[in-house]
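These notes concern the structure reproduced below.
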Amino acid sequence: MLSFPSLKSCLTAKPVPPNLHSSLSDSFSGSKSLSFNPQTGFNLRPKSLQIRAMEASLDYHFGTQLQTHIKTPTSLKIAIIGFGNFGQFLAKTFVSQGHTVLAHSRSDYSDTAAKLGVSFFSDPHDLCEEHPEVVMLCTSILSTKSVLKSIPFHRLRRSTLFVDVLSVKEFPRSLFLEILPEEFDILCTHPMFGPESGKNGWAGLTFMYDKVRIGNDDPIISRYGRFLDVFAREGCRMVEMSCADHDKYSAESQFITHTMGRVLERFGLESSSINTKGYETLLKLVENTAKDSFDLYCGLFMYNNNAMDQLEKLELAFQSLKRELFGNLQSLYGRQLFEEGE
Ligand code: NAP
């Protein structure tokens, strides 16, 4: 277990460690919680018994009735645009923390939203008229541009925080800077986990973020801090990193992981009674990858400039391995033929 000073320095440290996937194990679990203060950054504070009891009593099926009991001055009104697999997954935790969650998506998710305690709006105009403090873009990478362009910005408050959770980062960063009105703040983030890896909680899982454009006023800084606190409170490992660095490292890690999962899926791995631990890991990888949409995988490739290089590097590595194996085989046959000849 890390002591508090070292934990705090991990959360605020710069430069950021290159490996986004390294874990701080369970340092954040137990009876402490993290909060964000504009002056002091993230703070670890003991949770009161009351809060812990409240958290223990919350599950993901409560409705708006229970939500209203746990509203606090730190609650945010968060609009999720793109209420598919990942949007719903994040909404559950937002609601459980007492935030007001609104959603809009291409498909009608009214029933699902109601079960989660989320207000669903089929028309983005109606959603924007609710004046959310945070608008979080959670749509597929491929549809991001058209979805962003369809948001009626003029119906939002002049000061709104725009966040994205796309698995690539330079692309939404440029898009936000190009399309969003100048008054809006911009926070690019990537929760480096999903419904599968985060199904038992987010403690120790990495949350990458880049403050692309955040104003200097106290309320603005506080709003941005309260949004980050959603993830810090759950025990995420908070990593501040530029979008460019993110895309470089994630092409090497996330894109390759997805590629291997999809290659092995097509290869057709089968389970047997003599699976080794390593093989079980591969089966799990295939299972996890298959749960993500092909749009997501396609987005990782098409909207990350580093992905093509990584794919070529992978192909070269495969060819070089094959060459080495065939080379060994050839020299063995060569020796045998020579011995037989003698
Ligand atoms: P996804 O396939 O990447 O995106 C599905 C979402 O995109 C749905 O809300 C869908 O709306 C919307 N969408 C797709 N095509 C659209 C179009 N032409 N017009 C309007 N909306 C469209 O799957 P996902 O897993 O839910 O991911 C959502 C975002 O989160 C992605 O940007 C992804 O990179 C990011 N992310 C995902 C994970 C993960 O583990 N899944 C982790 C971190 C970040 P409808 O459902 O209404 O059709």
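Okay, here's what the table says:
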| quantity | calculated |
| --- | --- |
| Surface accessible to a 1.4 Å probe, per residue, for the residues of the range 77-241, Å² | 36 |
| Proportion of all alpha-carbon pairs of the range 73-125 beyond 19 Å (%) | 16 |
| Directionally averaged shadow of the range 193-342, computed from the convex hull of its alpha-carbon atoms, nm² | 13.6 |
| Bins of 10 Å from zero: percent of alpha-carbon pairs in the range 147-267 | 12, 37, 34, 14, 3, 0 |
| The range 105-113 - phi-based ³J(HN,Hα) in whole Hz, Karplus 6.51/-1.76/1.60, Gly and Pro as x | 8, 4, 8, 8, 10, 3, 5, 4, 4 |
| Carbon and sulfur %, accessible surface of the range 77-241 computed with the full protein complex present, 1.4 Å | 43 |
| Sequence ranges 300-311, 201-212, ranked by mean other-Cβ count within 10 angstrom, highest first | 201-212, 300-311 |
| For the range 248-333, accessible area per residue (1.4 Å probe, heavy atoms of protein chains only), Å² | 71 |
| Global size of the range 96-146 as Cα Rg and Dmax, reported in angstrom | 11.4, 31 |
| Candidate aspartates and glutamates - alpha carbon under 18 Å from residue 291, same-chain residues fewer than 8 apart omitted | 196, 265, 270, 280 |
| Protein accessible area in the range 248-333, 1.4 Å probe - carbon and sulfur % | 60 |
| Spin-label zone in the range 98-114 - amide nitrogen under 15 Å from a point set 7 Å from the Cα of residue 155 along the C-beta vector | 102-106 |
| Solvent-free Debye scattering, log10 I(q)/I(0), computed from the Cα coordinates of the range 248-333 at q = 0.15, 0.19, 0.26 Å⁻¹ | -0.69, -0.94, -1.20 |
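The values are calculated or read from the model by the stated rules, or taken from the named source; none is laboratory data. Bear in mind that the values here come from a model prediction, so they are computed numbers and not experimental data. When we count neighbours, we look across all protein chains shown, and the Cβ atoms used for this are built from the backbone with ideal geometry, even at glycine. Just the protein is used for accessible areas: all its heavy atoms, side chains included, with ligands, DNA and RNA removed. Shrake-Rupley method; radii C 1.70, N 1.55, O 1.52, S 1.80 Å.
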